[in-house]
Amino acid sequence: MSSPGWSWDIAVHERPLHLVPAGPNLVPFPSPKLLDLRQFKGSHAEKYLWGTYRPGYYLGMRPRHPTSLVTGLMWVDFTRSDWFTSIRHEALQSDDLGFYGWLEHDGENYGIQQLEDRRFNMTTSLVKRQCKSCGAGGDWALRVNAKPAQGSMADGAPRPVVSLFFYVAAEGMEAITLGANAWKGAIGPDVEEPQPVLTGTSAPFGKWALHVRGEGAGGFPTGVHWLGLRTPYTANLTSAVKAGLRRSLFDQRRAGAEQFVLRLPDDAEPGSNVYVLQVQAWLPASLDLVFTSGRGAGERARVAALTGAAFNAQLARHSAAFNARLARTFPVEEGRGGVPTGTRVVSKAALSQLLGGMGYWFGHSIVWVVGNWPPVLPNWDAGIFTASPSRSQFPRGFLWDEGFHQLLIRRWNPALSRDVLAHWLDLMASTGWIAREQILGDEARLRVPKEFVPQPTKTANPPSLFLVLSEMAAGLESGGPEAEADRAFLEVAWPRLLAWYTWLNTTQAGPVPGSFRWRQRDNATTTELNPRTLASGLDDYPRASHPSRDERHLDLRCWMALSARTMVQIGTALGLGRGGALASLQADAARLSDFGELTALHYDAAAGRFADWGLHSEDVALAPDPASGELVRQTASPPRLQWVPHHGYVSLFPLIMRLIPPHSSHLGRELDALTDPGGLLSPAGIRSLSQRSSLYSKHNTQHDPPYWRGTVWININYLVLDVTTNGKSQALELSDLTAIGPLDGRYGSKVLPLRAIFSEYGLIRFRVLVECQWLKTLSRLEGVPEVPPFSSEAEALLDELSSNFSVEDAAEVKEVERTTNHDVKAVEYVIKRRLGRNAELAKVLEFTHFACTSEDINNLAHALMFKEALAGEVLPAMDTVIGAIAGLATEHAGVPMLARTHGQTASPTTMGKEMAVFAYRLARQRHQVAAVPLFGKFGGAVGNYNAHLSAYPDLDWQAIAEEFVTGLGLEWNPYVTQIEPHDYIAG
């Protein structure tokens, strides 16, 4: 049995259904919830309670709470003849707006959005504010500015007029009170402050109020109006506004009106839990709305803090902080290294759109339990907080998209990223299954065709979350700033991740050992040219023409290799030992990374590329059906088991998942294929399907245009760039087996604290310290008037630059070095770039590295590396060992043992005495190590201070150099050539 429009899994066609209970597919996973972690409570929960979490609307806000308030904005241009069908509310491509999107959005405090309709443009600006007297989630303010579009008033066209509708709806059916007089008095040029127009009591805020103020340059000719409804249906209120406008017109007609006003009826049902406020104005016009959470003393001051000049100041402050943070997090230098002009603008828009497109939905999925009767059942109620792939097309959660979203969000805000991951993993069923689409509640379901609503419990989705989980595990290994929070997260997530991996490994297994197969391909379709593989995320990407249980899907095996590898990485970082589940995972990871098995299962030697395997025919086409005239699928020659001959994204998965050994000849061929303009390469990036494919740009059905058949997709292009950034070398992941030396391999965990000191990052960090300290020294010299004494703020900036120097900062230096071809010069340029943002320091930039040769910087950096390592790591470790051995000497002082001399047994001794021998020897060595002087020089290119004296001949540069070197805690070496001889190191 099947339902109309639902594609049953192949297994369902082959075996009869059984009347069985739904079982564990509808039961939550039985382990502690990630969202119960302390890191998601308190200030974190407060900070992210309110947001633009209704991305399917042009502007929609709600809190992250199961049943609470939802707000939204609609507008309509009544001068249009089609005004009734052009009310703007849901973000729809069919509205044909010129542009809509977030120009700036930080995901926390504010956002600025631009909306361009035919005759006018709008800007919506949001600011959130926390305060001691605020209720849950704090207060927020929204400003809507509307103005005529450029050219909209040409040739005598009437002045644009807009009707704005702002609504508040209580999902829990709590009554909302309208202050009608306050609403009428809130609009106009003489209104000085917002009025409390709507009030109510809703969880989690308690008492709340919405204050409104509006102003239009040309007045508000039709006044202000409203509509109150009592309804549980709050998901999409466009139809309610249309019904209210229609009823108002009928009422005006019955009253004998000669002219009709397109307005709401100014009435409300008893106990209304939904209010729509309407204001109509000539443009330009603005509308300010302030929401206060937890009403009480000081509310007037709280409103004042979010209106007028105060609102402008807060918006400007948040914008400046956002742009500064963006520059630090994603540094872009346009015009260098091939980076085109405009990249910063695009980068900001991309991040803002992603953060502004995050949403919260609450409700239950509709689950399709294959083999069950009834087949379609509701899942448990839950919430999902997630980024949405497209506000207009897919305002809901997609599992495989989310892994790519989080690669970006984690770099911007790791805590926010963990929050999203927690929501997804908490939606896991007891089997380990996670629905590939999270369509929770009516608001999400309204935007989904009915055939895609039920989520089949046998269908997987690419486990792309492992991309970001791998980064988290790497942070644990390197001891990054998020390590503590990441560890707490991963420890609780481990049982869920293990269950998810196990579910994927068992339910998606293929026909032969080591192979895998996506489920839910329809082998009975008569309308699809190549049956879709929705589970893969690549939808209509060409697979075997005739779905069968014999298929082997290349991309799924590669995803499983990533999953196994990441599970081992996480388990190892958490210290879970070598036995049990981790041992099994290690065996899986080794097998799935076995290049020989991969090529045996998926390499088409004749074509020279990796491919799927399955029942396939190239003689398949869509042709008109004689009876209906509709295009139907026709196969001219029978299919046979063979390699699927389509070259595209699937073929690249061994490369992008780093499964091709660096020494393999396959690697060169795969990289060469990326640069073939007649195949995958296009001016915009790597095409999803080669131009030479028989299905390139072909419709899959009469009505479905090509989707993954040539279009360039950013997520796969990102993976390609990630693996090919360093030219044609594919780096092996660091492990005991791939490390060049044992210090990075077998003993890597033992010397982990030394990485920040003796790595190239450590060397660059100390170079920056020396350069900054030298610039500070110059500012204190009276004989160098061009560098006046620095303010405390300038000195603090220099200190912060060196003390807070990060791995990302070092990466910026290495990027500059690609241009300079000089490591120390790259450090100098990055320092100048950072200091140039400060007006005081910008005046003395050229004194950075004054009179220095590279060895001046390097020799001091090397000495400081030894100094920090000795004081912080080596000597304390030696003291620990000496103390432990000395303790053993005392403890076993009376334990006799046989001694030896000349290789023969001799007089007795004690274990304690022999331990004391080693404790004393090691103590002597410790004293010798600590006594080694760490020398430094600072005498210029040949050690004679030539450049110094040429510029400032009256200064005692030898004394200055001595004071500078000793001030760093080093011994000064006065007699040197270009280099400090480093005898103390060699000794």
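Name the single residue that is farthest from TYR53 (Cα to Cα) among those in segment 222-243 being modelled with pLDDT under 90, out of contact with any Ser or Thr (no Cβ under 9 Å at 6 or more places or on another chain) and not in a strand (DSSP E or B).
Start the filter on segment 222-243 by keeping residues that are modelled with pLDDT under 90, which leaves 222-224, 235-236.
Add one more test, that the residue is out of contact with any Ser or Thr (no Cβ under 9 Å at 6 or more places or on another chain), and what stays is 223-224, 235-236.
Next, from what is left, pick out any that are not in a strand (DSSP E or B): 223, 235-236.
Details: GLY223: 31, ALA235: 13, ASN236: 14 Å.
The extreme case among them is GLY223.
Could you list, in sequence order, the residues of segment 771-829 that are open to solvent by 80 Å² or more (accessible area, probe 1.4 Å) and of a type in the set (Ser, Thr, Tyr)? Before you say what the answer is, go through the steps one by one.
Of the residues in segment 771-829, the ones open to solvent by 80 Å² or more (accessible area, probe 1.4 Å) are 780, 782, 785-786, 789, 792-793, 800, 803-804, 807-808, 815, 818-819, 821, 829.
Within segment 771-829, SER792, SER803, THR819, TYR829 qualify.
Going through THR853, THR848, THR901 one at a time, which residue ends up being among the polar types (S, T, N, Q) and free of Cβ contacts under 8 Å to residues at least 12 places away in the same chain? Quick ask: steps written out before the conclusion?
Working: THR853 fails: free of Cβ contacts under 8 Å to residues at least 12 places away in the same chain; THR848 fails: free of Cβ contacts under 8 Å to residues at least 12 places away in the same chain.
Within the list THR853, THR848, THR901, the selection yields THR901.
Scan segment 768-804 for residues that are modelled with pLDDT under 90 and assigned to a loop (DSSP other than H, G, I, E, B) and jot them down.
Passing the criteria: only ASN804.
When you check GLY214 against the structure, is it exposed (fewer than 15 other Cβ atoms within 10 Å of the Cβ) and either within 41 Å of the chain's Cα centre (by Cα) or not basic (Lys, Arg) (or both), yes or no?
Numbers: exposed (fewer than 15 other Cβ atoms within 10 Å of the Cβ): no; either within 41 Å of the chain's Cα centre (by Cα) or not basic (Lys, Arg) (or both): yes.
For GLY214, the condition - exposed (fewer than 15 other Cβ atoms within 10 Å of the Cβ) and either within 41 Å of the chain's Cα centre (by Cα) or not basic (Lys, Arg) (or both) - is not met.
Are any residues in segment 474-496 open to solvent by less than 20 Å² (accessible area, probe 1.4 Å) and modelled with pLDDT of 95 or more, and if so, which ones?
ASP486, PHE489, LEU490, ALA493, ARG496
Identify, by number, the condition in (1) crowded, with 19+ Cβ neighbours inside 10 Å; (2) out of contact with any Leu (no Cβ under 6 Å at 6 or more places or on another chain) that ALA564 doesn't meet.
All conditions pass for ALA564, except number (2).
Which members of segment 78-103 meet the condition of being in contact with a strand residue (DSSP E or B) (Cβ under 8 Å, 6 or more places away or on another chain) and among the hydrophobic types (A, V, I, L, M, F, W, C)? Spell out how you get there, then give the answer.
Filtering segment 78-103 down to residues in contact with a strand residue (DSSP E or B) (Cβ under 8 Å, 6 or more places away or on another chain) leaves 78-79, 83, 86-91, 95, 97-103.
Scanning segment 78-103 gives PHE78, TRP83, ILE87, ALA91, LEU97, PHE99, TRP102, LEU103.
Table: residues versus (1) at pLDDT 85 or above; (2) assigned to a loop (DSSP other than H, G, I, E, B).
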{"site": "PHE165", "(1), (2)": "yes, no"}
{"site": "GLU174", "(1), (2)": "yes, yes"}
{"site": "PHE220", "(1), (2)": "no, yes"}
{"site": "LEU245", "(1), (2)": "yes, no"}
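Looking at ALA313, ALA281, ALA320, which one is surrounded by 18 or more Cβ atoms within 10 Å (Cβ to Cβ) and not charged (D, E, K, R)? Show your work before the answer.
Values: ALA313 fails: surrounded by 18 or more Cβ atoms within 10 Å (Cβ to Cβ); ALA320 fails: surrounded by 18 or more Cβ atoms within 10 Å (Cβ to Cβ).
Only one candidate passes the filter, namely ALA281.
Do you know which of the residues in segment 135-151 that are out of contact with any Pro (no Cβ under 6 Å at 6 or more places or on another chain) and open to solvent by 20 Å² or more (accessible area, probe 1.4 Å) is farthest from HIS211 (Cα to Cα)?
GLY151
Would you mind finding the one in ARG837, ARG765 that is assigned to a helix (DSSP H, G or I), touching a helix residue (DSSP H, G or I) at 6+ places or on another chain (Cβ under 9 Å) and open to solvent by 30 Å² or more (accessible area, probe 1.4 Å)?
Details: ARG837 fails: assigned to a helix (DSSP H, G or I).
After applying the criteria, what remains is ARG765.
Just need a number here: residues in segment 540-559 that are assigned to a loop (DSSP other than H, G, I, E, B) and open to solvent by 20 Å² or more (accessible area, probe 1.4 Å). It would help to see each step written out before you state the result.
As a first pass, look at segment 540-559 and keep what is assigned to a loop (DSSP other than H, G, I, E, B): 540-545, 547-551, 553.
The next check asks that each one be open to solvent by 20 Å² or more (accessible area, probe 1.4 Å); those that pass are 549-550.
Residues meeting the conditions: 2.
Determine whether VAL807 is touching a residue at least 40 places away in the same chain (Cβ under 8 Å), under 30 Å from GLY475 (Cα atoms) and assigned by the TED database to the domain that holds HIS948. Lay out the reasoning, then the answer.
On the way: touching a residue at least 40 places away in the same chain (Cβ under 8 Å): yes; under 30 Å from GLY475 (Cα atoms): yes; assigned by the TED database to the domain that holds HIS948: no.
Criteria not met by VAL807.
Scan segment 25-34 and give yes if some residue there is in contact with a Lys or Arg (Cβ under 7 Å, 6 or more places away or on another chain) and at pLDDT 95 or above, otherwise no.
Initial filter on segment 25-34 (in contact with a Lys or Arg (Cβ under 7 Å, 6 or more places away or on another chain)): 29, 31.
Narrowing further to those that are at pLDDT 95 or above: 29, 31.
Checked against the condition, which is being in contact with a Lys or Arg (Cβ under 7 Å, 6 or more places away or on another chain) and at pLDDT 95 or above, segment 25-34 yields at least one hit.
Go through GLU443, GLU437, GLU471 for me and flag whichever is surrounded by 24 or more Cβ atoms within 10 Å (Cβ to Cβ) and either not β-branched (Val, Ile, Thr) or not assigned by the TED database to the domain that holds SER388 (or both).
Values: GLU437 fails: surrounded by 24 or more Cβ atoms within 10 Å (Cβ to Cβ); GLU471 fails: surrounded by 24 or more Cβ atoms within 10 Å (Cβ to Cβ).
Being surrounded by 24 or more Cβ atoms within 10 Å (Cβ to Cβ) and either not β-branched (Val, Ile, Thr) or not assigned by the TED database to the domain that holds SER388 (or both) holds for just one of GLU443, GLU437, GLU471, which is GLU443.
Mind listing just one residue for me: the one in segment 399-424 that is over 8 Å from the mean Cα position of the chain (by Cα) and aromatic (Phe, Trp, Tyr) and, of those, farthest from ASP381 (Cα to Cα)?
Ranking the qualifying residues of segment 399-424, first place goes to TRP400.
Which one of the conditions (1) buried (at least 17 other Cβ atoms within 10 Å of the Cβ); (2) touching a residue at least 40 places away in the same chain (Cβ under 8 Å) does GLY969 fail to meet, given that it meets all the rest?
Answer for GLY969: the failing condition is (1).
Residue check: is ASP486 more than 21 Å from LEU354 (Cα to Cα) and either assigned to a loop (DSSP other than H, G, I, E, B) or in contact with a helix residue (DSSP H, G or I) (Cβ under 6 Å, 6 or more places away or on another chain) (or both)?
Working: more than 21 Å from LEU354 (Cα to Cα): yes; either assigned to a loop (DSSP other than H, G, I, E, B) or in contact with a helix residue (DSSP H, G or I) (Cβ under 6 Å, 6 or more places away or on another chain) (or both): yes.
Yes; evaluated as a whole, the condition is true for this residue.
Per-residue answers, yes or no, for (1) assigned by the TED database to the domain that holds VAL70; (2) at pLDDT 95 or above; (3) buried (at least 17 other Cβ atoms within 10 Å of the Cβ):
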position	(1), (2), (3)
VAL345	no, no, no
TRP361	no, yes, yes
SER365	no, no, yes
PRO374	no, no, no
SER392	no, no, yes
LEU416	no, yes, yes
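Out of SER286, SER293, SER248, which single residue is assigned by the TED database to the domain that holds LEU164 and open to solvent by 20 Å² or more (accessible area, probe 1.4 Å)?
On the way: SER293 fails: open to solvent by 20 Å² or more (accessible area, probe 1.4 Å); SER248 fails: open to solvent by 20 Å² or more (accessible area, probe 1.4 Å).
One residue alone meets the criteria, SER286.
So, in segment 897-912, exactly how many residues are among the hydroxyl-bearing types (Ser, Thr, Tyr) and open to solvent by 60 Å² or more (accessible area, probe 1.4 Å)? Give the derivation first.
Start the filter on segment 897-912 by keeping residues that are among the hydroxyl-bearing types (Ser, Thr, Tyr), which leaves 901, 905, 907, 909-910.
Checking the rest, the ones that are also open to solvent by 60 Å² or more (accessible area, probe 1.4 Å) come to 901, 905, 907.
Total satisfying the criteria: 3.
Among the numbered criteria (1) open to solvent by less than 10 Å² (accessible area, probe 1.4 Å); (2) assigned to a helix (DSSP H, G or I), which one does THR459 miss?
(2)
When GLY338 is evaluated against the numbered criteria (1) open to solvent by 20 Å² or more (accessible area, probe 1.4 Å); (2) within 22 Å of the chain's Cα centre (by Cα), which criterion, by number, is the only one it fails?
Of the numbered conditions (1) open to solvent by 20 Å² or more (accessible area, probe 1.4 Å); (2) within 22 Å of the chain's Cα centre (by Cα), the odd one out for GLY338 is (2).
In segment 497-539, what count of residues is obtained for those that are of a type in the set (Asp, Glu) and open to solvent by less than 20 Å² (accessible area, probe 1.4 Å)?
Taking segment 497-539 first, the residues of a type in the set (Asp, Glu) are 522, 528, 539.
Now restrict to residues that are open to solvent by less than 20 Å² (accessible area, probe 1.4 Å): 528.
Adding up the residues that qualify gives 1.
The values are calculated or read from the model by the stated rules, or taken from the named source; none is laboratory data. As the structure is a prediction and not an experimental result, all values here were calculated from the model. Glycine gets a Cβ as well: all are built from the backbone with ideal geometry, and neighbour counts include every protein chain shown. The area values use the complete protein model at the heavy-atom level, side chains included, leaving out ligands, DNA and RNA. Shrake-Rupley method; radii C 1.70, N 1.55, O 1.52, S 1.80 Å.
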